[in-house]
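Presented below is the structure to which this report refers.
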Amino acid sequence: MNKKPVIVYGASGYTGRLVCEFLREYQIPFVAAGRNKQKLEDAMAKVPGIETANYEIAVVEHSVEALTEFFKGAKVVCNTVGPFSRFGTAVVEACLNADCHYLDTTGEQQWMIEMRDTFSEAYAEKGLLLAPSTAYMHAVGNIAAEFCLENPTIDSINAACIPTGVPTVGSTQTVMDMARNKQYWLENNELVEIVDPMKHAHEVTIPGFNSSIMALPWGGGSIPLWYANDTRVNSASSLTGFTNRPLMQGVMALAAHYEENLKDLPVEEQEAQLDAMAAGITPGMPPRENRTIHRLVDRVYGVGPKSQICVTIIGHSAYIQTGLVQAFIAKQLINKGPNNVGFQSPCKAVGHHELYGALEGFGFCDMKIEEF
């Protein structure tokens, strides 16, 4: 049984290490957990100021039974082990068994639907939070949407997430897994399947760029799911576009390759080939983000019958922001518990003013609100 309040599962990975970094900033004791002790030790050695952190390293088998026993005594599990459609369900089930709040960094919409439908009610009955996609993408869009919805006449949300940089191997594996699944937006209070989401790119105009950015539904996004049962919102859509156009074109080409060559293969063979292609897009562990290079624009339009609001959040360092988002929400859960239980968005979990305040306080972003 763990005596520390937070477990970072997958701490040897790029994102897991960043979560540990901000748990140290908040002086929260944690366990850096995974399957390989040497990789965990190497990762922790790279966390700035780790010598002042209250933490320990632990190795655990990836099974519901082993994880349940390992999680007991903790309050929050931050799961960064993806693709989540392959590895996440066991962690969600184990957290429920062990009475832990659950956070992760997924963007896999189909898997999120499955987790919501399978586990949300049971989590809520125990007073626990089930919060997949607690990450820069799409938590910052969630913040912007909530500021739009402060105007009670707004009933529709149109979000765009525009990062500069290259996704990690894990993120690209997630994208490749999305190519196999249906993708949905919220339209008139129903989740409606997007037709050919990886074949037709959208051109998005955003502040700071004279040319348009190629964007895709990127699996459908988390925002349509978060607002699917929200009485304030009738419709919600989400687009994501990296400013690197060849990267976006490459993602579309890989999705087409899947449709033409892989979709009829056995699942194991599909996964092996998709993983190899993902590694080809983002080989190895990327370097730490640079705020002068890895800039971000999140823009959300809130639309109503007689009003429109545009909330734009300018920031930097998407993966580092993810580390902060996870650690801040973990801190809030430890100190006062969640604002809402069961399947929830980051903002429903801890409040959009509070989450934005954490990001702004660390110097990661600034916001502009325009009303029309």
- Message: Show the residue pairs meeting these rules: Cβ distance below 6 Å; 6+ apart or different chains; first residue within region 1-19 and on the phi > 0 side of the Ramachandran plot and open to solvent by less than 30 Å² (accessible area, probe 1.4 Å); second residue modelled with pLDDT of 95 or more and polar (S, T, N, Q).
- Response: Gly10/Thr80
- If we scan region 35-58, do we find a residue that is in a helix (DSSP H, G or I), within 27 Å of Glu121 (Cα to Cα) and among the hydroxyl-bearing types (Ser, Thr, Tyr)? no
- Any chance Pro246 is part of a helix (DSSP H, G or I) and either within 17 Å of the chain's Cα centre (by Cα) or over 23 Å from Phe84 (Cβ atoms) (or both): yes
- Item | Residue identified as surrounded by fewer than 22 Cβ atoms within 10 Å (Cβ to Cβ) and of a type outside the set (A, V, I, L, M, F, W, C) among Arg299, Arg288 | Arg288
- With respect to Gly127, is the statement that it is on the phi > 0 side of the Ramachandran plot and outside any helix (DSSP H, G or I) true? yes
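Does Gly82 fit the bill of being under 22 Å from Leu40 (Cβ atoms), surrounded by fewer than 19 Cβ atoms within 10 Å (Cβ to Cβ) and either among the small types (Gly, Ala, Ser) or modelled with pLDDT under 95 (or both)?
Details: under 22 Å from Leu40 (Cβ atoms): yes; surrounded by fewer than 19 Cβ atoms within 10 Å (Cβ to Cβ): no; either among the small types (Gly, Ala, Ser) or modelled with pLDDT under 95 (or both): yes.
When the stated conditions are applied, Gly82 does not pass them.
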- Could you grab me the full set of residues in region 137-167 that are under 13 Å from the mean Cα position of the chain (by Cα) and open to solvent by 10 Å² or more (accessible area, probe 1.4 Å)? Met137, Pro167
- Can you pull out the residues in region 237-255 that are out of contact with any strand residue (DSSP E or B) (no Cβ under 8 Å at 6 or more places or on another chain) and more than 13 Å from Arg180 (Cβ to Cβ)? Asn244, Pro246, Leu247, Gly250, Ala253
- Test: residue in region 324-333 that is under 25 Å from Thr205 (Cα atoms), open to solvent by less than 20 Å² (accessible area, probe 1.4 Å) and hydrophobic (A, V, I, L, M, F, W, C): no
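The values are calculated or read from the model by the stated rules, or taken from the named source; none is laboratory data. A quick note: this is a predicted structure, and the numbers were derived from the prediction, not measured. Cβ: placed from backbone, ideal geometry, glycine included. Neighbour counts: every protein chain shown. Surface accessibility is based on the protein's heavy atoms, side chains included, excluding ligands, DNA and RNA. Shrake-Rupley method; radii C 1.70, N 1.55, O 1.52, S 1.80 Å.
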